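**Student:** Got a structure for you, questions after.
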Amino acid sequence: MNWGFIGFGRIARKFLESLQSVEGEIPFAFASRSNAVALREEFPEARVYESYEALLMDPQVDVVYISTTHNFHYGNTVAALNHGKHVVCEKPLGISYAEAKAMADLAREKKLFLLEAMWMRFLPAYREAIRRAKSGEIGPIRHITASFGFRSEISTNPDGRLMNPDLAGGALYDVGVYPLTLISDLFGWEPESFKAHAIKSITGVDETIQIQLDFGDDRLAQTLGSVALNTNKEACIYGEAGYIKMPLFWKCETFEVHKGEEVETVNIPYQSTGYAHEIIETAACIANGKTESELFTLNDSLMSAQLVENILTTIFKKK
Ligand SMILES: NC(=O)c1ccc[n+]([C@@H]2O[C@H](COP(=O)([O-])OP(=O)(O)OC[C@H]3O[C@@H](n4cnc5c(N)ncnc54)[C@H](OP(=O)(O)O)[C@@H]3O)[C@@H](O)[C@H]2O)c1
């Protein structure tokens with residue numbers, strides 16, 4: 001298929017590398033509002049557009065990958081679907097439940113493929129770790145912990161995408177969705193109750209957020225997300241007969257199964273930069289006429305958007 005890129009920043013480069021590793025998938029066109037001239041020089045074989053609209057008008061583009069800042073995901077996705085393009089949109093799909101619902105509804109109405117790029121869910125090692133956890137070999141699962149925090153050169157830039165509220169910055173949208181997604185694989189998306197606390201940035205976004213969730217039936221979870229602190233980036237799934245430790249869980253290539261003194265290490269490398277697996281899944285779904293992936297469904301996106309909205313509402317006391 002011919003892929004078009006809407007926005008071309010940091011993550012688009014890593015996605016491109018993965019795309020180039022998948023046979024039959026072509027980086028056909030790029031649209032960048034800030035960088036088209038340089039991209040034209042760098043990719044002379046590709047079509048480069050200065051506006052997103054121009055790329056969407058290109059009849060030879062089959063599917064678009066949207067990696068703009070969070071605030072633009074809704075508008076970019078709606079425009080792409082209205083131009084008849086299949087869409088893979090970076091997480092979060094929308095910055096509210098209403099946005100995500102409108103996006104999913106439009107994709108369903110147009111019978112086009114739509115996927116939130118929750119790449120973790122497609123990684124072979126991640127899937128195997130979840131399969132092992134579900135198999136019962138570590139007993140009934142009682143507790144999950146997962147943290148994902150980083151501090152980068154843009155963590156202190158009030159205008160940058162992580163801290164700027166106008167770009168829908170904040171830790172929960174950017175990294176906090178990964179722990180919640182892992183927890184959803186084992187406990188679902190609907191905790192009976194949760195408590196969330198945040199350290200707010202001077203710009204008014206959640207720069208660090210901790211969440212305790214209670215799923216009933218003696219099932220608890222705890223997450224930490226930050227775009228200001230470099231944290232341990234590990235997930236642990238605790239069962240009554242052992243635990244599974246996933247270092248770097250959101251880009252999982254290795255995990256450990258602990259049972260008493262016994263430790264088994266499992267290594268399953270991902271292809272290229274890891275995004276290849278969601279690309280392969282997208283291509284297979286579209287080839288088979290599917291409008292969503294069973295590995296991360298539109299319902300997953302909607303449930304995730306609802307949970308994120310509920311959590312942010314308690315933090316910011318919005319009505
Ligand atoms: N899956 C992953 O592993 C992963 C990792 C990091 C980020 N992400 C997600 O990918 C998306 C982009 O992240 P990124 O790190 O690639 O961001 P980025 O490099 O800062 O920006 C991506 C693009 O967004 C547009 N943009 C940035 N700042 C803007 C502004 N102030 N006003 C208008 N447009 C602006 C630009 O589009 P133009 O090129 O058109 O100018 C830019 O190329 C986010 O949704 C993020 O959550 C995913």
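**Student:** Given the structure, is VAL48 within 15 Å of the ligand (Cβ to nearest atom), in a helix (DSSP H, G or I) and in contact with a strand residue (DSSP E or B) (Cβ under 9 Å, 6 or more places away or on another chain)? Show your work before the answer.
**Tutor:** Working: within 15 Å of the ligand (Cβ to nearest atom): yes; in a helix (DSSP H, G or I): no; in contact with a strand residue (DSSP E or B) (Cβ under 9 Å, 6 or more places away or on another chain): yes.
No, not satisfied.
**Student:** Sticking with this structure for a sec: Name every residue in segment 78-104 that is assigned to a helix (DSSP H, G or I) and either touching a Leu at 6+ places or on another chain (Cβ under 9 Å) or in the same structural domain as THR181 (by TED's automatic domain parsing) (or both), in order of residue number. If you could, list the steps in order and put the result at the bottom.
**Tutor:** Going residue by residue through segment 78-104, those that are assigned to a helix (DSSP H, G or I) are 78-82, 97-104.
Hits for segment 78-104 are VAL78, ALA79, ALA80, LEU81, ASN82, TYR97, GLU99, ALA100, LYS101, MET103, ALA104.
**Student:** Related question: Sort through GLU234, GLU294, GLU253 and tell me the only one that's out of contact with any Cys (no Cβ under 8 Å at 6 or more places or on another chain), in contact (Cβ under 8 Å) with a residue 40 or more places away in the chain and surrounded by fewer than 17 Cβ atoms within 10 Å (Cβ to Cβ). Write out each step before concluding.
**Tutor:** Details: GLU294 fails: in contact (Cβ under 8 Å) with a residue 40 or more places away in the chain; GLU253 fails: surrounded by fewer than 17 Cβ atoms within 10 Å (Cβ to Cβ).
That would be GLU234, the only listed residue that is out of contact with any Cys (no Cβ under 8 Å at 6 or more places or on another chain), in contact (Cβ under 8 Å) with a residue 40 or more places away in the chain and surrounded by fewer than 17 Cβ atoms within 10 Å (Cβ to Cβ).
**Student:** Please verify whether segment 143-162 includes one or more residues that are farther than 22 Å from VAL175 by Cβ and away from the ligand (no atom under 14 Å from the Cβ).
**Tutor:** If we filter segment 143-162 for residues that are farther than 22 Å from VAL175 by Cβ, which is where we start, we get none.
No, there is no match, as no residue in segment 143-162 is farther than 22 Å from VAL175 by Cβ and away from the ligand (no atom under 14 Å from the Cβ).
**Student:** Strands (runs of 3 or more DSSP E) wholly in segment 226-319 with at least 2 residues that are of a type in the set (Val, Ile, Thr) and in contact with a Leu (Cβ under 7 Å, 6 or more places away or on another chain) - which ones? Before the answer, list the steps.
**Tutor:** Numbers: elements: 234-239, 242-247, 254-259, 262-267.
Ranges flagged: none.
**Student:** So ARG127 fits all but one of (1) open to solvent by 50 Å² or more (accessible area, probe 1.4 Å); (2) near the ligand (Cβ under 10 Å from one of its atoms); what number is the exception?
**Tutor:** (2)
**Student:** Additional query: Could you look through segment 14-35, keep only residues that are out of contact with any Leu (no Cβ under 7 Å at 6 or more places or on another chain) and near the ligand (Cβ under 8 Å from one of its atoms), and pick out the one that is most open to solvent (accessible area, probe 1.4 Å)?
**Tutor:** First, the residues of segment 14-35 that are out of contact with any Leu (no Cβ under 7 Å at 6 or more places or on another chain): 14-24, 26, 28, 33-35.
Remaining after also requiring near the ligand (Cβ under 8 Å from one of its atoms): 14-15, 33-35.
On the way: LYS14: 99, PHE15: 1, ARG33: 142, SER34: 112, ASN35: 56 Å².
If we take residues in segment 14-35 being out of contact with any Leu (no Cβ under 7 Å at 6 or more places or on another chain) and near the ligand (Cβ under 8 Å from one of its atoms), then ARG33 is most open to solvent (accessible area, probe 1.4 Å).
**Student:** Filter segment 257-280 down to the residues that are surrounded by fewer than 19 Cβ atoms within 10 Å (Cβ to Cβ), away from the ligand (no atom under 16 Å from the Cβ) and either under 13 Å from LYS245 (Cβ atoms) or not β-branched (Val, Ile, Thr) (or both) and list them by number. Let's see the steps before the verdict.
**Tutor:** So in segment 257-280, the residues surrounded by fewer than 19 Cβ atoms within 10 Å (Cβ to Cβ) come out as 258-269, 271-273, 280.
The next check asks that each one be away from the ligand (no atom under 16 Å from the Cβ); those that pass are 258-269.
If the condition is that a residue be surrounded by fewer than 19 Cβ atoms within 10 Å (Cβ to Cβ), away from the ligand (no atom under 16 Å from the Cβ) and either under 13 Å from LYS245 (Cβ atoms) or not β-branched (Val, Ile, Thr) (or both), then HIS258, LYS259, GLY260, GLU261, GLU262, VAL263, GLU264, THR265, VAL266, ASN267, PRO269 are the ones that fit.
**Student:** Taking MET57 as the residue in question, decide whether it is more than 22 Å from PHE296 (Cα to Cα) and of a type outside the set (Val, Ile, Thr).
**Tutor:** Numbers: more than 22 Å from PHE296 (Cα to Cα): yes; of a type outside the set (Val, Ile, Thr): yes.
Criteria met by MET57.
The values are calculated or read from the model by the stated rules, or taken from the named source; none is laboratory data. What you are looking at is a predicted structure, and each value in this text was computed from that prediction instead of being measured. Glycine gets a Cβ as well: all are built from the backbone with ideal geometry, and neighbour counts include every protein chain shown. Accessible surface is based on the protein model in full, side chains and every heavy atom, while ligands, DNA and RNA are left aside. Shrake-Rupley method; radii C 1.70, N 1.55, O 1.52, S 1.80 Å.
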